1. What residue, of B:TYR50, B:TYR35, is aromatic (Phe, Trp, Tyr) and at pLDDT below 95?
2. Could you list, in sequence order, all residues of the stretch A:25-43 that are out of contact with any Pro (no Cβ under 9 Å at 6 or more places or on another chain) and under 27 Å from B:GLY108 (Cα atoms)?
3. Specify which of the listed residues (B:GLU56, B:GLU72, B:GLU30, B:GLU62) is under 29 Å from A:ARG111 (Cβ atoms) and open to solvent by 20 Å² or more (accessible area, probe 1.4 Å).
4. In the stretch B:1-48, how many are among the small types (Gly, Ala, Ser) and within 13 Å of chain A (Cβ to nearest Cβ)?
5. For A:VAL11, only one of the following conditions fails: (1) of a type outside the set (Ser, Thr, Tyr); (2) farther than 30 Å from B:LYS3 by Cα; (3) open to solvent by 30 Å² or more (accessible area, probe 1.4 Å); (4) part of a strand (DSSP E or B). What is its number?
6. Looking at B:ASP51, is it more than 9 Å from chain A (Cβ to nearest Cβ) and within 24 Å of A:VAL93 (Cα to Cα)?
7. Quick test of your reading of the structure: B:ARG96 fulfils all but one of (1) more than 13 Å from chain A (Cβ to nearest Cβ); (2) surrounded by fewer than 17 Cβ atoms within 10 Å (Cβ to Cβ); (3) not in a strand (DSSP E or B). Name the failing condition by number.
8. How about the stretch A:60-95: which of its residues are open to solvent by 70 Å² or more (accessible area, probe 1.4 Å) and touching a residue at least 60 places away in the same chain (Cβ under 8 Å)?
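The values are calculated or read from the model by the stated rules, or taken from the named source; none is laboratory data. All figures in this text were calculated on a predicted structure; none of them were measured in a lab. Heads up, the Cβs are rebuilt from the backbone with ideal geometry, glycines too, and the neighbour counts pull from every protein chain shown. Calculation scope for accessible area: heavy atoms of the full protein, side chains included, ligands and nucleic acids excluded. Shrake-Rupley method; radii C 1.70, N 1.55, O 1.52, S 1.80 Å.
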Amino acid sequence: AQSVTQLDSHVSVSEGTPVLLRCNYSSSYSPSLFWYVQHPNKGLQLLLKYTSAATLVKGINGFEAEFKKSETSFHLTKPSAHMSDAAEYFCVVSDRSSGGYNKLIFGAGTRLAVHP
Amino acid sequence: DVKVTQSSRYLVKRTGEKVFLECVQDMDHENMFWYRQDPGLGLRLIYFSYDVKMKEKGDIPEGYSVSREKKERFSLILESASTNQTSMYLCASSPRLGGQETQYFGPGTRLLVL
């Protein structure tokens, strides 16, 4: 079965500095990987997804992630944090259910705080 | 614009009550999902449905059931609510089951069982 591990439960950065949210995955086949973001009191929104095309994936709001098969990693980065980036971020992998249907497996989440 | 709505943002129920959580999507999606979200555990899949009247158990189906009588509506039922079902419940939909589809989420229902 697939799984994801988010290596940090909390990350704190200053506004204007780089953001790095780390994610490692476990997969028995070529995975589809996603990052979702959840702002306070809001539903989840897709940031970006990797689907075996380019290994560097660009998403919304200046975020990007790089798929590294040798390291089984899919870290999320942004060159310069903005106050509005404060949210919870989830790394997600696609898995197959016992019935043969694909489903999403979520990491535990990383809460990003951005300080002035 | 894509929209998934959930019937309540906040709900307070007593132990043993029967609880219905409703989800409606306006995108004509085949697939709908129910998750619960708990701190430190991320989202865990309770049930999903890939067609009207069809359902499949997720990772934590115990204590829950679902109903999908119409394509746009997916209901989560707690037959006899318990305090360990206090949680945030999120509904999602997607256009098809595959490895690359995006799921669209509702705003969530925060349920407190006393």
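1. Working: B:TYR35 fails: at pLDDT below 95.
Answer to the check: B:TYR50.
2. In the first step, residues of the stretch A:25-43 are kept if they are out of contact with any Pro (no Cβ under 9 Å at 6 or more places or on another chain); the result is A:26-40.
Once the filter is applied, which keeps residues that are out of contact with any Pro (no Cβ under 9 Å at 6 or more places or on another chain) and under 27 Å from B:GLY108 (Cα atoms), the stretch A:25-43 yields A:SER32, A:LEU33, A:PHE34, A:TRP35, A:TYR36, A:VAL37, A:GLN38, A:HIS39, A:PRO40.
3. On the way: B:GLU56 fails: under 29 Å from A:ARG111 (Cβ atoms); B:GLU72 fails: under 29 Å from A:ARG111 (Cβ atoms); B:GLU30 fails: under 29 Å from A:ARG111 (Cβ atoms).
Among B:GLU56, B:GLU72, B:GLU30, B:GLU62, only B:GLU62 is under 29 Å from A:ARG111 (Cβ atoms) and open to solvent by 20 Å² or more (accessible area, probe 1.4 Å).
4. Initial filter on the stretch B:1-48 (among the small types (Gly, Ala, Ser)): B:7-8, B:16, B:40, B:42.
Retained after the next criterion (residues that are within 13 Å of chain A (Cβ to nearest Cβ)): B:40, B:42.
Selection size over the stretch B:1-48: 2.
5. (3)
6. On the way: more than 9 Å from chain A (Cβ to nearest Cβ): yes; within 24 Å of A:VAL93 (Cα to Cα): yes.
Spelling it out, B:ASP51 is indeed more than 9 Å from chain A (Cβ to nearest Cβ) and within 24 Å of A:VAL93 (Cα to Cα).
7. Evaluating B:ARG96 over (1) more than 13 Å from chain A (Cβ to nearest Cβ); (2) surrounded by fewer than 17 Cβ atoms within 10 Å (Cβ to Cβ); (3) not in a strand (DSSP E or B) leaves (1) as the failure.
8. Correct list: A:PRO79, A:HIS82, A:MET83.
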